[in-house]
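Below you'll find the structure, written out as structure tokens, and then a few comments.
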Amino acid sequence: MKVEIIPCLFDNFSYLLVCEESGKAAIVDPVEYYPLSRVIKRLGVELTSIYCTHHHADHIGGLDELCQEFPGVDVAAFKGDAARIPRLTTLLGDGDIVKFGSVQGRVKHTPGHTSGGMCFLFGGHLFTGDTLFGAGCGRLFEGTPEQMYNSLQSLTKGLDAGVKVYFGHEYTLANLKFSQFIEPGNRGVIARIADATTVLAGGGTTTPSTIGLEKQTNPFLRCDIEDVRQKPAEKLLLDATDPVSVFTAVRRLKDSY
Ligand code: ZN
Ligand code: FE
């Protein structure tokens, strides 16, 4: 499987997944019609599936027009979001398998940012929408900190360090500044800030990252680390001991950072 990164709107990403064997393709997050339609035509692939990570308008803005241009395309999202994502043809639940061409993926329900948040794992490629960002995580619009904590843990647990992480927005550099505030002594964060700065200055993107890099530099995946636990204690005078309380406090600090 090949992945085309398609920057959309101001800082969103759509992804076009191509099964090289069959020439069939799938979209993760139909953010905008024109950039996606153009890439599909340029590559000469057949769009068969659209996977939606969640219902927010900045992630499904191209859905209607894509369905008009490619009638018969399968549109899949969380089953509980049927009323707020139009044109759904496949209702997904946690652990379901999705297929396009000869490519198979597994679906993970990750409530927190929204109640219907979905992530998709295709081999060594993980698509995380607004659940897991480069060095960050989504805001808690429809979920509790505990839900988001559990979603992030179950999403990343057991995945190889080399699995690529494709997220929904280019927020990585700003997130890394917050990582550095939480863990000033984390050398991985300092190195990643330098890398991200170079990549962005050259017109590139920080997506995809890897599970290994996220585990080293993303404070929301490091709530069991002593340095991360210390910060809420210092800033919010909170004695957070268990990882969920640390996560809750770190998320609160990020909301006002
Ligand atoms: Zn969102
Ligand atoms: Fe978003």
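Sparse packing (at most 13 other Cβ atoms within 10 Å of the Cβ) combined with a DSSP loop state is found for the following chymotrypsin sites (Phe, Trp or Tyr not before Pro) in segment 99-192: F141.
Using the alpha carbons alone, the radius of gyration of the chain stands to its Kirkwood radius in an Rg to Rh ratio of 0.98.
Projecting label points 7 angstrom from Cα along Cα→Cβ for I190 and E226 puts them 1.9 nm apart. Within a straight-line Cα-Cα reach of under 17 Å, K231 can be paired with the following aspartates and glutamates, leaving aside sequence neighbours fewer than 8 residues apart in one chain: E183, D239, D242, D255.
For K108, the lysines whose Cα falls under 26 Å of its own Cα, not counting residues fewer than eight places away in the same chain, are K2, K24, K79, K99, K157, K164, K215, K254.
Here the gap between R84 and A233, fully extended at 0.36 nm per residue and compared with their Cα-Cα distance, gives a gain of 49.7 nm. Mean sequence separation of contacting Cα pairs (under 8 Å, at least six apart), scaled by the length of the chain, corresponds to a relative contact order of 13 percent. For segment 140-190, the normalised intensity computed at q = 0.21, 0.22 Å⁻¹ comes to -1.15, -1.19 (log10 of I(q)/I(0), Debye sum over alpha carbons, equal scatterers, no solvent). Annotation: amide H-H contacts under 5 Å for G129 (H modelled 1.01 Å from N, sequence separation of 5 or more, or interchain): G168. In nm, what is the difference between 0.36 nm times the number of residues separating L200 and T241 and their Cα-Cα distance? This chain segment gains 11.1 nm when fully extended. Would you kindly state how much longer the chain becomes between E20 and A174 on full extension, computed as 0.36 nm times their sequence separation minus their alpha carbon distance, in nm to one decimal? The span from E20 to A174 would gain 51.9 nm if fully extended.
Placing a pseudo-label 7 Å from each Cα along the Cα-to-Cβ vector at D11 and D160 gives an inter-label distance of 3.2 nm. Among beta bridges from DSSP that stay inside the chain, the antiparallel ones total about 65%.
Note that segment 178-233 shows a convex hull volume over its alpha carbon atoms of 75 Å³ per residue. Surface composition of the chain: carbon and sulfur atoms hold 51% of the protein heavy-atom accessible area at a 1.4 Å probe. Kindly list the residues of segment 21-57 that lie in the label zone of K99, defined by a backbone N under 20 Å from the point 7 Å along the Cα-to-C-beta vector. 21-28, 46-52, by backbone N distance to the label point.
Within the chain, the longest run free of GluC sites (Glu not before Pro) that sit in a DSSP loop with at most 13 other Cβ atoms within 10 Å is 22-257.
The values are calculated or read from the model by the stated rules, or taken from the named source; none is laboratory data. Just so it is clear, the structure is predicted and the values come from calculations on it, not from any experiment. Because the Cβ atoms are built from the backbone with ideal geometry, glycine has one as well, and the counts that use them run over all protein chains shown. Just so you know, the surface numbers come from the protein's heavy atoms only, side chains and all, with ligands and any DNA or RNA stripped out. Shrake-Rupley method; radii C 1.70, N 1.55, O 1.52, S 1.80 Å.
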